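Presented below is the structure to which this report refers.
The values are calculated or read from the model by the stated rules, or taken from the named source; none is laboratory data. Computed from a predicted structure; not experimentally measured. Every residue, glycine as well, gets a Cβ built from its backbone with ideal geometry; the counts of neighbours run over all protein chains shown. Surface areas here come from the heavy atoms of the whole protein model, side chains and all, with no ligands, DNA or RNA. Shrake-Rupley method; radii C 1.70, N 1.55, O 1.52, S 1.80 Å.
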Amino acid sequence: GYFGLRVSGNNNIVRNNRLTRVGYIAIVFDKNTLVEKNFVEYACATLNDGSAIAFDNVDGAIVRKNVVLRTRGNAESCATNFNGCDPKGKGIYFGNVSLKNTLVEDNTVAYCNGAGIWVDHVKTSSGNVIAGNTLFNNDLYQLGFSDWSNAMSPAVNGSHAVPAYNDIVKDNICYAMSPLQDSMFQIHGHYHDVDFG
């Protein structure tokens, strides 16, 4: 299939579910949804470049105490004439439109072939907290940030380089188990001379 659970609207709760071998994203939601104590394994069994838990257009959402394992991504779904399609499965994904006041805490994410947690840096991002997560042996990055979506959206005052304000990243445990893995990673591929520090 495609999505495991697709939740839309305010004040929803997604709790105590077990999702295994979902074709694309296991849990996708928006608004101020609470997602907690779920177990997700082998998301992206059919499609690529997705995640176990994904959200966008959020304000006040909470993602906590979930266990995500082995989001692998399936490159067989890529077009045969497309070069560079490698399997990319993320554990938890911050979307690329609007991310506000979202708490991602106390989750365990392991054995994904992309990032454990991946954050698209967007212009409408503020007040987000990533805290107390355990990220273990994810093939590329345990925790990653990207400027990709900023470059793809309209410029603000002539610039794509608009920082995310008031975001907090703290007390996360990142276990990189190979020299090819990064604990934390930032991609600044679309503009230069910007300090994200």
Accessible area of segment 1-148 divided out per residue, in Å², using a probe of 1.4 angstrom: 41 Å²
Set of segment 31-55 residues, backbone N closer than 16 Å to the point 7 Å along the Cα-Cβ line of residue 98: 31-33, 55
Per-peptide average of other Cβ atoms within 10 Å, ordering 85-91, 37-43 highest first: 85-91, 37-43
Among 95, 61, 81 - extreme Cα towards positive end, dipole of segment 58-99, charges at beta-carbon: 61
Charged-residue dipole, Cβ positions (Lys, Arg, Asp, Glu), segment 1-129 about Cα centre, Debye nearest 20: 280 debye
Cα-only Debye scattering, segment 79-143: base-10 log of I(q)/I(0) at q = 0.11, 0.16, 0.28 Å⁻¹: -0.31, -0.59, -1.14
Mean Cβ count within 10 Å, highest first, over the residues of peptides 115-122, 24-31: 115-122, 24-31
Cα Rg, Dmax, segment 1-151, angstrom units: 14.1, 43
Fraction of accessible area attributable to carbon and sulfur, segment 7-96 (%, probe 1.4 Å): 43 percent
Charged-residue dipole, Cβ positions (Lys, Arg, Asp, Glu), segment 2-49 about Cα centre, Debye nearest 20: 180 debye
Segment residue 59-residue 124, extension gain: residue separation times 0.36 nm, minus the distance between their alpha carbons: 22.3 nm
Spin-label proximity, residue 85 to segment 29-69 - amide N less than 12 Å from point 7 Å beyond Cα toward beta carbon: 47-49
